[in-house]
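The structure under discussion appears below in the form of structure tokens.
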Amino acid sequence: MLFIKRLVLFIIGFALILVLAFWGFKQNFPGKSIADALQTRLTNQTGIPVEIEAFELGWLKVSTPEVTLRTPKWLAGTPDVRLLILENIEVPFASVITSGKARILGQLHGGTIEASTDLLTWETMDISLDGVQLERVPLIAAFPYAFISGSLSLSSEIDNIKAIQQQQSRFPEGNLKGQLNDVQIRISGGAALFNLQFPELVFSEVMFDLQLGPLIAIKKIHLRGSLEGTIEGTIRLNEKRPQMSLIDLNFELTPAASLKEEISSFSTMLRSFQCGETIKVNLKGSLNRLNFPTRNKC
């Protein structure tokens, strides 16, 4: 009985010492220094300016209230703005201890984000988004003459994390799959677009399947709504001059009955691209100088 009492006292005393030691370390945790070092490293490795608020040490996690991604340095001539804002980011200790994987959890413009990677190999990274509201994303909200809303969910596996860390590769490589729901696109026209009035586009669902890399392969984009059909093709990225990136896209789209009425003024022009009711178009060129579209074979 005496032994049990002493054992209990020992455990309580040991636990108290651990708590006091942790509390002292927590109070002096160099969260700002770690955040500054990490944001400098990420900015240098990716070319995307990253801003990270000071890290906070908790009992079961390390967290930061905000991580911001700004306009990449290699987008010359583009205004410096905040593109994405990740909030309440945390790294739980449990997954590191049990599986050797680092998991990052957080919130992203009305939705959630999760990323994980194996700490031993750092070969791949799994990333998933769920319920991100497009209209709340600064990158999309900054589009001139356009309003875009909807919900985005996706999953991706990046295969060249180590190469990016070692600055042997600039672009992430891997697969990207997901979907958009309840999408609305309104283009207001304006002087830059010759004051043309464009109809509002509404999509109940847009599913996409891409292969990422210096050459982005669009395996399939499937649209359901104002336009029904698919988009396939490639985008060859130009690292030094992104505006010179080359696209080669094939569109096979059928307008819904309601849209046909709204685009009736364009019917003469569209007729040269139609096969029956379906528009079959190939679009090639650089992002800053597209060729005139050509009709694909019926």
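The values are calculated or read from the model by the stated rules, or taken from the named source; none is laboratory data. The structure displayed is predicted, hence computed values, not measured ones. Neighbour counts run over all protein chains shown; Cβ positions are idealised from the backbone, glycine included. The area values use the complete protein model at the heavy-atom level, side chains included, leaving out ligands, DNA and RNA. Shrake-Rupley method; radii C 1.70, N 1.55, O 1.52, S 1.80 Å.
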Say whether the condition of being over 16 Å from the mean Cα position of the chain (by Cα), under 20 Å from Lys162 (Cβ atoms) and outside any loop (DSSP other than H, G, I, E, B) is met by at least one residue in the stretch 77-93. yes
Taking the stretch 156-166 and keeping residues part of a strand (DSSP E or B) and open to solvent by 60 Å² or more (accessible area, probe 1.4 Å) leaves Glu157
What number of residues within the stretch 65-76 satisfy the criterion of being assigned to a strand (DSSP E or B) and modelled with pLDDT under 80? 0
Failed item, numbered, when Ser245 is tested on (1) within 30 Å of Thr43 (Cα to Cα); (2) open to solvent by 40 Å² or more (accessible area, probe 1.4 Å): (2)
Could you give me the residue pairs with C-beta distances under 7 Å whose first residue belongs to the stretch 119-139 and is modelled with pLDDT of 90 or more and assigned to a strand (DSSP E or B), whose second residue is of a type in the set (Val, Ile, Thr) and open to solvent by less than 50 Å² (accessible area, probe 1.4 Å) wherever it lies, and which are 6+ apart or on separate chains? Ile127/Ile158; Leu129/Ile113
Answer yes or no as to whether Thr254 is touching a strand residue (DSSP E or B) at 6+ places or on another chain (Cβ under 8 Å) and open to solvent by 40 Å² or more (accessible area, probe 1.4 Å). yes
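I'm checking my understanding of the structure. Among residues of the stretch 114-141 that are farther than 18 Å from Ile164 by Cβ and β-branched (Val, Ile, Thr), which one is most open to solvent (accessible area, probe 1.4 Å)? Spell out the reasoning first.
Let us first name the residues in the stretch 114-141 that are farther than 18 Å from Ile164 by Cβ, namely 114, 128-141.
Add one more test, that the residue is β-branched (Val, Ile, Thr), and what stays is 132, 137, 140.
Details: Val132: 5, Val137: 9, Ile140: 33 Å².
Residue satisfying both the conditions and the ranking: Ile140.
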Return the only residue of Ser169, Ser151 being in a loop (DSSP other than H, G, I, E, B) and surrounded by 14 or more Cβ atoms within 10 Å (Cβ to Cβ). Ser169
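Is it the case that the stretch 181-193 has a residue that's among the polar types (S, T, N, Q), open to solvent by 30 Å² or more (accessible area, probe 1.4 Å) and at pLDDT 85 or above? Lay out the reasoning, then the answer.
At the first step, the residues of the stretch 181-193 found to be among the polar types (S, T, N, Q) are 181, 184, 188.
So of that shortlist, the ones also open to solvent by 30 Å² or more (accessible area, probe 1.4 Å) come out as 181, 184, 188.
Now restrict to residues that are at pLDDT 85 or above: 181, 184.
Checking the stretch 181-193: at least one residue is among the polar types (S, T, N, Q), open to solvent by 30 Å² or more (accessible area, probe 1.4 Å) and at pLDDT 85 or above.
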